[in-house]
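J.: Below is a structure I'd like to ask you about.
Please treat every number below as a calculation from the coordinates, not as lab data. Predicted model only: the values in this text are computed from it and were never measured. For neighbour counting, all protein chains shown are included, and Cβ atoms are generated from backbone atoms with ideal geometry for every residue, glycine included.
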Amino acid sequence: MTARPIQIAEYILSECKKRWPEQAVSTMKLQKLLYYAQAWSLVWDSTELFEEDFQAWANGPVLPELYQMHRGRYKVDDQWAAAHREASGFPPFIPSTEQGETLDSVIEFYGPRSAQWLSDLTHKEQPWIEARRDCGPLERSNEVITKDSMYEYYDSLA
């Protein structure tokens, strides 16, 4: 069974806090960490972490459902995520060994990077570029970044 984005967000935020307690996580960075967690889960584990789709927004991939939860905030932490998860009635996320390895690898590589670095990286990658093909640089878009395009692109890098 797949998890919900808020469950994965809580896990990622908790792990980031353990590794880099002095480093706050912006909402933009959280969105990109979830994006890369999903991408690499599709490739390495041959399964999605969650069913929801990312949209190709101007600043990179965004999960609209999660955006609605953090709208108006700049930074988030695991306590914020836990409160939203509990309010939604979901249990804490307990990763399988495979999921844990994927998430840990994503957090280890992408976690120390800035939100802007992560956003810039997504702008150079095919899934976001393809989904925004008809949009101007700052134009709003709700085009879905398909899991197939994510798998195809990131699998080519693996």
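J.: Are there any pairs, at least 6 apart or on different chains, whose C-beta atoms fall under 7 Å, with the first in the stretch 28-39 and among the hydroxyl-bearing types (Ser, Thr, Tyr) and the second in a helix (DSSP H, G or I), and if so, which?
T.: So the pair list comes out as TYR35/THR122; TYR36/VAL106; TYR36/TYR110.
J.: Can you name the number of the only condition in (1) in contact with a helix residue (DSSP H, G or I) (Cβ under 8 Å, 6 or more places away or on another chain); (2) under 19 Å from PHE93 (Cα atoms) that SER26 fails?
T.: (2)
J.: Name the pairs: first residue in the stretch 97-109 and within 9 Å of SER41 (Cα to Cα), second residue aromatic (Phe, Trp, Tyr) and surrounded by 20 or more Cβ atoms within 10 Å (Cβ to Cβ), Cβ to Cβ under 6 Å, at least 6 apart or on different chains?
T.: THR102/TRP40
J.: Considering only residues that are touching a Phe, Trp or Tyr at 6+ places or on another chain (Cβ under 9 Å) and either part of a loop (DSSP other than H, G, I, E, B) or of a type in the set (Val, Ile, Thr) (or both), which ones fall in the stretch 21-43?
T.: ALA24, THR27, VAL43
J.: Another one. HIS84 fails exactly one of the following numbered conditions: (1) over 16 Å from TYR11 (Cβ atoms); (2) surrounded by 12 or more Cβ atoms within 10 Å (Cβ to Cβ); (3) more than 14 Å from the chain's Cα centre (by Cα); (4) not charged (D, E, K, R). What is the number of that condition?
T.: Against the list (1) over 16 Å from TYR11 (Cβ atoms); (2) surrounded by 12 or more Cβ atoms within 10 Å (Cβ to Cβ); (3) more than 14 Å from the chain's Cα centre (by Cα); (4) not charged (D, E, K, R), HIS84 comes up short only on (1).
J.: Separate question: Only one of these conditions is not met by LYS18: (1) without any contact (Cβ under 8 Å) to a residue 12 or more places away in the chain; (2) part of a loop (DSSP other than H, G, I, E, B). Which number is it?
T.: So LYS18 meets the others, but not (2).
J.: Does ASP120 satisfy the condition of being surrounded by 16 or more Cβ atoms within 10 Å (Cβ to Cβ) and acidic (Asp, Glu)? Lay out the reasoning, then the answer.
T.: On the way: surrounded by 16 or more Cβ atoms within 10 Å (Cβ to Cβ): no; acidic (Asp, Glu): yes.
Against the criterion (surrounded by 16 or more Cβ atoms within 10 Å (Cβ to Cβ) and acidic (Asp, Glu)), ASP120 does not qualify.
J.: What number of residues within the stretch 124-148 are crowded, with 18+ Cβ neighbours inside 10 Å and either in contact with a Leu (Cβ under 9 Å, 6 or more places away or on another chain) or closer than 21 Å to VAL106 by Cβ (or both)?
T.: Number of matching residues: 5.
J.: Continuing with this model, one more query. Looking only at the stretch 44-76, which residues are in a helix (DSSP H, G or I), within 12 Å of the chain's Cα centre (by Cα) and either surrounded by 20 or more Cβ atoms within 10 Å (Cβ to Cβ) or among the polar types (S, T, N, Q) (or both)?
T.: Of everything in the stretch 44-76, just one residue is in a helix (DSSP H, G or I), within 12 Å of the chain's Cα centre (by Cα) and either surrounded by 20 or more Cβ atoms within 10 Å (Cβ to Cβ) or among the polar types (S, T, N, Q) (or both), namely LEU66.
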